[in-house]
Amino acid sequence: HYQTTGYHPLVAFDGLTKDFLKAELRSGNTYCSTGAADFLNPLLEHYNQTVPVSTILVRADSGFAAPELYDLCEEKEHQYVIRLKRNARLHKFAEQFVQVGDETEWSQKEEHFYSIRYQAGTWKHDRRVCIRSVREANELIFHHEFIITNLSDVVSTEQVYQTYWKRGTMENFIKEAKNGFFFDKPDSSHFLENAVRMMVSVLSYNINNFIRTLAFPEKAKGLQIQSIRLRFFKIAGKLIHSGRRMMLKLSTHHVYQDEFFHILRQIQSLSW
C-alpha cells in the first residue's frame, strides 16, 4: 500500500519444538491460502516417510480455510483444526442454538460450545464445524466463532477450541524470527535476493533453536535470542595463542559463566 512493495510469506512451525519447518516468499498481493496445500504437502510427505506412525495436527487461522487444504489432510490421514470465517449460513446455524431464559444473568458473561455437520458449496462432503457463542457481560447479542476440524466427536467442542487457541504460540515464534533474526528485513529490490536472505534467517533461527534444545540448561531453554546474545555471546574475553593451543580467557566476574561452560560442555559432547 502507499505505492510500496511488500511480501506475504508462507511459514510453518513445529508447535512442540519451535523449529522453523519451512518458509516461502510470495508477492504481497497473494492471498493467505493460495498455494498452501502445495506448500504443506512436502512437509506431510516428509513426516510420513521419517515417522510413518505419527499423526500430524495441522493448525491454521481463517486465512487458510480452503477445501484443498482439508482434502490434503484427509488424504494423508492427518488431523486439522482451522478457523472458519463467518458467513450467513453459519451465523444462522449458530443463532438457532441461542436460548435466552428469564433467569439469565445479564451482568455475567455467557459462553457456549456446539458442534454441527456442515457442507459448503465447494466441499466434496460435509465436515464437522465447531461453534463458540459468547455473550459479554451486560450485552444482549451473542458473537459466534467457527472452527472446522476432522477430529472425532469424542473430542468435545471445548477441547477443539483449546487445541486451536494454542496456535497463538506460533505468533511468538514469528516474533522471535523477526526481532531476533531479521526475518522480515529485505535487503534488495529483487525478489530472488530477498528470498535467499529470508532463508538465511530461517537457518539462523533453527541453529539457535537446536542449540537451545540440545545444550541449554532447563531453566534457560525459554530465553529469547536477545537474552542469549547478551548472556553467552557478548562476553569480554581475550583469545591467546600459545604453541599449538588457542585459549579463550574470560573474565572471572562473568555473571553467567556457570551456564556458559555448561552449554559449552553439552555442545562438545554432542555426536556428529
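The values are calculated or read from the model by the stated rules, or taken from the named source; none is laboratory data. Since we're looking at a predicted model, the values are computed, not measured. Here the Cβ is made from the backbone with ideal geometry for all residues, glycine too, and neighbour counts use every protein chain on show. Heads up: the accessible areas ignore ligands, DNA and RNA and are worked out on the full protein's heavy atoms, side chains in. Shrake-Rupley method; radii C 1.70, N 1.55, O 1.52, S 1.80 Å.
Data table
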read-out	value
Selected from Ala36, Ala65, Ala215 as most flexible by GNM, with the chain as the system and alpha-carbon contacts under 10 Å	Ala215
Nonlocal amide H pairs with Phe13, under 5 Å, H built at 1.01 Å	Leu21
Stretch in the chain that is longest and holds no GluC sites (Glu not before Pro) that DSSP places in a loop and that have at most 12 other beta carbons within 10 Å	140-272
The range 64-121, accessible surface, carbon-and-sulfur percent (1.4 angstrom probe)	43 percent
Residue among Lys76, Lys234, Lys185 with the largest mean-square fluctuation in a Gaussian network model of the chain, springs linking Cα atoms under 10 Å	Lys234
FRET efficiency, 1/(1 + (r/R0)^6) with R0 51 Å, evaluated for Gln108 and Leu264 via beta carbons	0.35
In Hz, Karplus ³J(HN,Hα) per residue of the range 73-90 (6.51, -1.76, 1.60; θ = phi - 60°; x = Gly, Pro)	5, 5, 5, 7, 6, 10, 9, 9, 9, 10, 5, 10, 6, 6, 9, 5, 5, 5
Selected from Arg26, Arg132, Arg117 as most flexible by GNM, with the chain as the system and alpha-carbon contacts under 10 Å	Arg117
Reference-scaled alpha-carbon Rg (2.2 N^0.38 Å with N residues) for the chain	1.31
Point-charge dipole on Cβ atoms (K/R +1, D/E -1) for the range 126-272, about Cα centre, debye to 20	1000 debye
Cα centre as origin, Lys/Arg/Asp/Glu Cβ charges: the chain dipole, Debye	1560 debye
Helix axis angle, 257-269 relative to the chain longest principal axis, alpha carbon, degrees	90 degrees
Per residue accessible area of the chain, 1.4 Å probe, in Å²	64 Å²
Net charge of neighbours whose Cβ lies under 12 Å from the Cβ of Asn138, counting Lys and Arg as +1 and Asp and Glu as -1	-2
Rounded to whole Hz, the Karplus (6.51, -1.76, 1.60) HN-Hα couplings of the range 205-219, x for glycine and proline	4, 5, 4, 4, 5, 4, 5, 4, 6, 8, 10, 6, x, 4, 6
Ile235, Ile228, Ile207, ranked by accessible area, largest first (probe 1.4 Å)	Ile207, Ile235, Ile228
